[in-house]
Amino acid sequence: SKHVKCLEYLLKNVSLELLNINATNINGHTALHLAVKLHDKYIIRLLLDHGAYIGARCKQGNMPISLIDPEVFREYLDDCVVTNERRPIEENYEIIYKYHFLVPPKICSRDVLASEGAIPFDQSEGGAANKHTVVSETEPLMELSRIPELRPLLKHPVLTSFLNLKWFTIRKYFWVNLSFYLLFWLFLTLYVLNVYSIELNDDPEELEKSRKVQFTRILWCPAMLFCFLLFLRELFQFSVSPKRYVSEVENLLEISLLVSATLILFCRVNSEFAAIAILLSWAELVLLIGRHPSLSTNIEMFKVVCTNFLELLAWYSILILAFALSFYLLFKDAKKSICTGKMNITEEKDG
């Protein structure tokens, strides 16, 4: 059609530095959004080949990658694997992966685009000229993982190699964070066990007790220090993205752990509350270690199994509660009947 020919002409004859291919309309839809909704495979490939970004969110929060045809995107990923046109038997043979479709575009104002001679959408038609939300490079991959039809594409060499590069970039921060939490977990666990072992000891020897008290005082300082550092870490994460921080369950677990650890260190709480703090600290350790690529699959399987089990338990809890109430009504007078029977037997013997 004429519209397709016009698009081909613009993409082939206008420099991409002047043509904003990721411009949006009033609803925040890019050209790729509209092509995906129309299920036009040719235009989708045309836009992807010329640098359309797959992770731009519209006002409804949807990405183009959410509705893209899996086969179209698989073919595009296959084309992102190229060579340096050497023969495989040669020493300088190279395989090149293209990651440009994962790189978020830069945001420029309409005035800057006009000064550079770029071609934005017409504001009179409701165009929002390149005003779209830019997300991180891994956000489109997270979107892929949420869609069952697209999830197998995460095993494609282009995406797996990109994730490996990301891991090699951030792994030093992972080990630093893990080392920090291991120290916090160790001092908190030792402190709680030592404190409540003193309280539960009915007849301790004075010398042994004094040593435990001194050791408890020594453990309190590093435990308090790491608890404060944990608070600063959580405060920094909250300041970066408050909405996203509150929406993640693991962050809520860390807040609960922080509150319970603070109460244990600065207040006298019962042993049941301390047991909850120990459980939360060890659960957070499991989740933190599970972020390592070699264990992440097992942790995700564990999360899915726990979620399915809790959903099933919530459904059958109706029957469990019904049986509990039924047995309560049937046997609530059993103890009274037994006591009455014993009294009658006693009276007969006395008589």
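The values are calculated or read from the model by the stated rules, or taken from the named source; none is laboratory data. The structure displayed is predicted, hence computed values, not measured ones. Don't worry about glycine lacking a Cβ; one is built from the backbone with ideal geometry, like all the others, and counts go over all protein chains shown. Areas reflect the complete protein model, heavy atoms only, side chains present, ligands, DNA and RNA absent. Shrake-Rupley method; radii C 1.70, N 1.55, O 1.52, S 1.80 Å.
Which one is most open to solvent (accessible area, probe 1.4 Å) among residues in segment 141-173 that are outside any helix (DSSP H, G or I) and among the hydrophobic types (A, V, I, L, M, F, W, C)? Lay out the reasoning, then the answer.
Filtering segment 141-173 for residues outside any helix (DSSP H, G or I) gives 147-150, 156.
Applying the additional criterion that residues be among the hydrophobic types (A, V, I, L, M, F, W, C) yields 147, 150.
Values: I147: 27, L150: 2 Å².
Residue satisfying both the conditions and the ranking: I147.
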Going by what's in this entry, would N84 be described as more than 20 Å from T138 (Cβ to Cβ) and in contact with a strand residue (DSSP E or B) (Cβ under 7 Å, 6 or more places away or on another chain)? yes
S136 vs. criteria within 22 Å of the chain's Cα centre (by Cα) and either of a type outside the set (F, W, Y) or modelled with pLDDT under 80 (or both): yes
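Would you confirm whether any residue within segment 44-54 is of a type in the set (G, A, S) and surrounded by fewer than 13 Cβ atoms within 10 Å (Cβ to Cβ)?
no
Please verify whether N194 is of a type outside the set (V, I, T), touching a residue at least 60 places away in the same chain (Cβ under 8 Å) and on the phi < 0 side of the Ramachandran plot, treating the condition exactly as stated.
On the way: of a type outside the set (V, I, T): yes; touching a residue at least 60 places away in the same chain (Cβ under 8 Å): no; on the phi < 0 side of the Ramachandran plot: yes.
No; evaluated as a whole, the condition is false for this residue.
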Checked segment 9-28 for anything in a helix (DSSP H, G or I) and touching a Leu at 6+ places or on another chain (Cβ under 7 Å); matches are L10, L11
Could you grab me the full set of residues in segment 61-92 that are farther than 21 Å from S161 by Cβ, of a type in the set (S, T, N, Q) and part of a loop (DSSP other than H, G, I, E, B)? N62
Checking L265 against (1) closer than 16 Å to E250 by Cβ; (2) hydrophobic (A, V, I, L, M, F, W, C); (3) touching a residue at least 24 places away in the same chain (Cβ under 8 Å); (4) open to solvent by less than 90 Å² (accessible area, probe 1.4 Å), which test does it fail? (1)
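Taking the condition under 28 Å from the mean Cα position of the chain (by Cα) and more than 21 Å from Y99 (Cβ to Cβ), does G61 pass?
Numbers: under 28 Å from the mean Cα position of the chain (by Cα): yes; more than 21 Å from Y99 (Cβ to Cβ): yes.
For G61, the condition - under 28 Å from the mean Cα position of the chain (by Cα) and more than 21 Å from Y99 (Cβ to Cβ) - is met.
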Those residues that are at pLDDT below 85, surrounded by 10 or more Cβ atoms within 10 Å (Cβ to Cβ) and assigned to a helix (DSSP H, G or I), I need them from segment 317-333; list them, please. F327, F331
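Within segment 260-306, track down each residue that is among the polar types (S, T, N, Q) and over 27 Å from W167 (Cα atoms).
To start, the set of residues in segment 260-306 that are among the polar types (S, T, N, Q) comprises 260, 262, 270-271, 281, 294, 296-298.
If the condition is that a residue be among the polar types (S, T, N, Q) and over 27 Å from W167 (Cα atoms), then S260, T262, N270, S271 are the ones that fit.
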How about segment 39-60: which of its residues are within 18 Å of P105 (Cβ to Cβ) and part of a loop (DSSP other than H, G, I, E, B)? H50, G51, A52, Y53, I54, G55, A56, C58, K59
Tell me yes or no: at least one residue of segment 293-305 is surrounded by 10 or more Cβ atoms within 10 Å (Cβ to Cβ) and in contact (Cβ under 8 Å) with a residue 40 or more places away in the chain. yes
